[in-house]
Amino acid sequence: MHEIYGYIRNYLQRISTYGWWRPLFEWVLIGVVIYGILRFMRGTRGARLLKGAALILVVAYVVIKLLASQLGLERIEVLYKHALIGALFALAIVFQPELRRVLMRIGETRLFRGWERKVNVMVDQLVVAVKYLSENKIGALIAVERETGLVGLAESGVRLDAELSPDLLTTIFWPGSALHDMGVIIQEGRVTAAGCQFPLAESGELPRGLGSRHRAAMGLSLDTDALVVVVSEETGQISLATRGQMIRPLTPDQLRQQLLSRLAPALADKAEAARHASVASPGHAEASVAEGGADAAAADPAQNHVSRSARRVLKMGKNLVLVVLLTGLIWVWAEQAQTVHISEQPISLRVQVPPSDKVAITLDPQKRTWDRSVNINLEASFVGPQGGIATLMERIRRDEYHPVYRLSHEAVTGEKYELQLSDALNDQYVLSQFHIGVASLSARTAEIYISPLVESHLTVRLDKIIGAHGEPKWREKPITIELPKELDERLTTPEDRTVLVSVRVPEDAGERPVSVPMPPDFHGFPVRDWPDLTVAFDANRPAPVVTTLDNVPVDVQFPRNLRADQYYLDPAFNKDQWLKTITVEGPRRLERKDVDVYLKLEAGDVNGSDAGTPRDVVIHVPPGFTVTAPAEGTPQRSILFRLIRVKEGPGT
């Protein structure tokens, strides 16, 4: 689950680099196009097939991208991509009739046409004719044009362009006339053509027992948004086909209401209100009962209206969900179609603390490598537009990509902080500028240990003086600098708290003080708050001469109460420690004979510890000279020995 969550989070972080307005505009634009396509295909045979295919594509995409790509199932992902291409061709073949109808609707739709003011008169004349045809069981098939034009179908019949009237319709459909077997097309209140052949619906799309007129009506309603009225020749029953639905049986009044609600909703509301008022009056009680027997839904108009509203809201909700899902899927496809993926690029992320916070950080608290910043070496995979990836790769090749992440004040208040590396990298300006995201990292998090800076008391010692023409006024001086608390607590000896520095004196310095340079680090911690130190030299005294003597032997000095012929030193200890390298400063160069180095024994050293006894050697130099190395208390000046009586030695 961590991999899937990381994939989603990285993807959302990457697309956030586009800004909020650009994806929103693209989503709205794609959604409008999808809604238009669904609206044109509404009521066609392929509408449900399209919704099912869309649902399968969405589910397949989520499963493949979030599971196969994260679990390393590359073959499944490749098969999915190839299968998707094949599915697009298959959908084009399966939806060929629907695509043809959609294109026909687009080409014939009149966008700026208004409804005729005489819609009510047209509906009344049509209902009068249908009522007469129904009562006399005369078959009829009448199509009323709406948004989608029926010019193509009208050209297949006999052009009339006559004014609509009940007499004209009854004459056309009178048995034995030349035009009674086909359909009539009404456009803008006029009978445009008669004897028109309508497309037939498939037999499985209609209930059994319905004839060819009903098949033609259903077929035309699937291809267009026309309202098709059918009168059965056998039963005289009135039916209305719209958007692939067959509404039957209908009374003449119900037909009028259905036509007005689809052609002129405002007129339908007025007619409905008038009918409700007439139904509520006592003089029309028997008519209400008779009408209720024909259509139970009309008996309770308020309940019928609420039911229609609920169904309409539910249908709108389903369509909205489908549009959102398809819009998101298409946008993600388009966004990823332009992306390029690069894997395992070595980078170094520099993590810094806020300048105002007096803390130091490290990745390993066991070491003394504290600093105000740390470098985290990673292998990162990036994904983004081709141009941005090319720019990033060029910067990496030239070693010009050095991401830096600054911790927040809240992050450095504790003792440890877990840094989300993907968040730190996605926060970089270079990645956001080119809309590049982090696909994966060799490590998901990094633990950063935090230590506050405290005042630490140290000693500065002049270790080397180069080019001086006199004796320095001081050799050691106390200072106070800020160190990490964890490091300060480990400095337990005077030597640990001594800072050795070297001073270079210019030839023209004269008696002017010389600045003491700041050391690059102290026990691995970079020194930044170095005090302003200077040192002056006594020009009356010449600069000391430094003499280094190598392999100076160490003698042994026995106390008075121990005889040298009764004791010996254990040969098991290293003999090389009895040769020392001595560095001396003074007015002249010394010879080896001028230096006396010996180990001073004590009575308590007899039969000491098996591990040996450590002790510094004594170094005697002439007056006016100073031993600078080895320093007291250092391993270079100490000797590990064990004194044994002669009688305990071998061969006694």
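The values are calculated or read from the model by the stated rules, or taken from the named source; none is laboratory data. Just so it is clear, the structure is predicted and the values come from calculations on it, not from any experiment. Cβ coordinates were reconstructed from backbone atoms using ideal geometry, including for glycine residues, and neighbour counts include every protein chain displayed. Protein only, heavy atoms only, side chains kept; ligands, DNA and RNA dropped before computing areas. Shrake-Rupley method; radii C 1.70, N 1.55, O 1.52, S 1.80 Å.
So here's what we get for this one:
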{"read-out": "Hey, residue 98 closer than 19 Å to residue 221 by Cβ, at pLDDT below 75, in contact with a helix residue (DSSP H, G or I) (Cβ under 8 Å, 6 or more places away or on another chain) and open to solvent by less than 60 Å² (accessible area, probe 1.4 Å) or not", "value": "yes"}
{"read-out": "Residue within region 59-71 that is open to solvent by less than 40 Å² (accessible area, probe 1.4 Å), within 24 Å of residue 198 (Cβ to Cβ) and either of a type in the set (Ser, Thr, Tyr) or at pLDDT 85 or above (or both) present", "value": "no"}
{"read-out": "Residue match in region 354-362 (condition: out of contact with any strand residue (DSSP E or B) (no Cβ under 7 Å at 6 or more places or on another chain), in a helix (DSSP H, G or I), farther than 21 Å from residue 423 by Cβ and of a type outside the set (Phe, Trp, Tyr))", "value": "no"}
{"read-out": "Scan of region 630-642 for residues that are buried (at least 17 other Cβ atoms within 10 Å of the Cβ) and hydrophobic (A, V, I, L, M, F, W, C), ordered by number", "value": "639, 641"}
{"read-out": "Scan of region 129-151 for residues that are over 58 Å from the mean Cα position of the chain (by Cα), touching a residue at least 40 places away in the same chain (Cβ under 8 Å) and part of a helix (DSSP H, G or I), ordered by number", "value": "129, 130, 131, 133, 134, 135"}
{"read-out": "Residue in region 308-327 that is within 24 Å of residue 422 (Cβ to Cβ) and at pLDDT 75 or above present", "value": "no"}
{"read-out": "Residues of region 169-191 satisfying the condition of being in contact with a Leu (Cβ under 8 Å, 6 or more places away or on another chain) and within 16 Å of residue 140 (Cα to Cα)", "value": "169, 170, 172, 173, 182, 183, 184, 185, 186, 191"}
{"read-out": "So residue 327, is it open to solvent by 40 Å² or more (accessible area, probe 1.4 Å), touching a residue at least 12 places away in the same chain (Cβ under 8 Å) and not charged (D, E, K, R)", "value": "no"}
{"read-out": "Hits in region 475-499 (condition: assigned to a strand (DSSP E or B) and either of a type in the set (D, E, K, R) or more than 22 Å from residue 360 (Cβ to Cβ) (or both))", "value": "476, 477, 478, 482"}
{"read-out": "The listed residue being surrounded by 12 or more Cβ atoms within 10 Å (Cβ to Cβ) and within 60 Å of the chain's Cα centre (by Cα), out of 492, 547, 480, 498", "value": "498"}
{"read-out": "Selection count where residues are over 15 Å from residue 142 (Cβ atoms) and hydrophobic (A, V, I, L, M, F, W, C), scope region 229-245", "value": "0"}
{"read-out": "Qualifying residues in region 376-405 (those that are outside any helix (DSSP H, G or I) and of a type in the set (A, V, I, L, M, F, W, C)) - the one surrounded by the fewest Cβ atoms within 10 Å (Cβ to Cβ)", "value": "404"}
{"read-out": "Breaking point among (1) modelled with pLDDT under 90; (2) more than 25 Å from residue 438 (Cα to Cα), for residue 359", "value": "(1)"}
{"read-out": "Criterion violated by residue 208 - all others in (1) open to solvent by less than 10 Å² (accessible area, probe 1.4 Å); (2) more than 27 Å from residue 161 (Cβ to Cβ) satisfied", "value": "(1)"}
{"read-out": "Selected residue [touching a residue at least 12 places away in the same chain (Cβ under 8 Å) and crowded, with 19+ Cβ neighbours inside 10 Å] from 408, 456, 373", "value": "456"}
{"read-out": "Region 616-627, residues that are more than 14 Å from residue 597 (Cα to Cα) and open to solvent by less than 60 Å² (accessible area, probe 1.4 Å)", "value": "625"}
{"read-out": "Filter result for the condition that a residue is outside any loop (DSSP other than H, G, I, E, B), at pLDDT below 90 and open to solvent by less than 40 Å² (accessible area, probe 1.4 Å), over 154, 193", "value": "154"}
{"read-out": "Test for residue 604: is it part of a loop (DSSP other than H, G, I, E, B), at pLDDT below 85 and over 60 Å from the mean Cα position of the chain (by Cα)", "value": "no"}
{"read-out": "Tally, over region 165-190, of residues that are modelled with pLDDT of 90 or more and open to solvent by less than 30 Å² (accessible area, probe 1.4 Å)", "value": "8"}
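Results for (1) on the phi > 0 side of the Ramachandran plot; (2) at pLDDT 85 or above; (3) in a strand (DSSP E or B), shown as yes or no for each residue.
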| position | (1), (2), (3) |
| --- | --- |
| 501 | no, yes, yes |
| 507 | no, no, no |
| 511 | no, no, no |
| 528 | no, no, no |
| 531 | no, yes, no |
| 550 | no, yes, yes |
